[in-house]
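The values are calculated or read from the model by the stated rules, or taken from the named source; none is laboratory data. Source: prediction; values computed, not measured. Cβ coordinates were reconstructed from backbone atoms using ideal geometry, including for glycine residues, and neighbour counts include every protein chain displayed.
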Amino acid sequence: MNNGTSTAVLVTDLFRGDGPFTGIADDFVAMVCGFCGQVFDADGRFTIDRFVCSTCASVLSVVSK
């Protein structure tokens, strides 16, 4: 990750094969929501600790406020 000021996850971090991002990378490759577990085909969103479908991303953004 960047210097701690951003929640962005770099692609190199995702596919490095070690560290905390391997679960996110696995979900991305499988196109599986890291929150609801459903397979989806488009419009996935990265969060700080998971890759989620757009529906769950909307729910999580409301809950986190």
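For the reader, a short list of remarks on this structure follows.
- One residue stands out among those in segment 51-65 that are touching a Cys at 6+ places or on another chain (Cβ under 8 Å) and buried (at least 17 other Cβ atoms within 10 Å of the Cβ): the one that is farthest from residue 21 (Cα to Cα), which is 56.
- Every residue from segment 23-57 that is of a type outside the set (D, E, K, R), part of a loop (DSSP other than H, G, I, E, B) and under 21 Å from residue 12 (Cα atoms): 31, 33, 34, 44, 47, 48
- Selection within segment 36-49 - crowded, with 18+ Cβ neighbours inside 10 Å and in contact (Cβ under 8 Å) with a residue 24 or more places away in the chain: 46
- Test: residue in segment 7-21 that is at pLDDT below 85, among the hydroxyl-bearing types (Ser, Thr, Tyr) and surrounded by fewer than 13 Cβ atoms within 10 Å (Cβ to Cβ): yes
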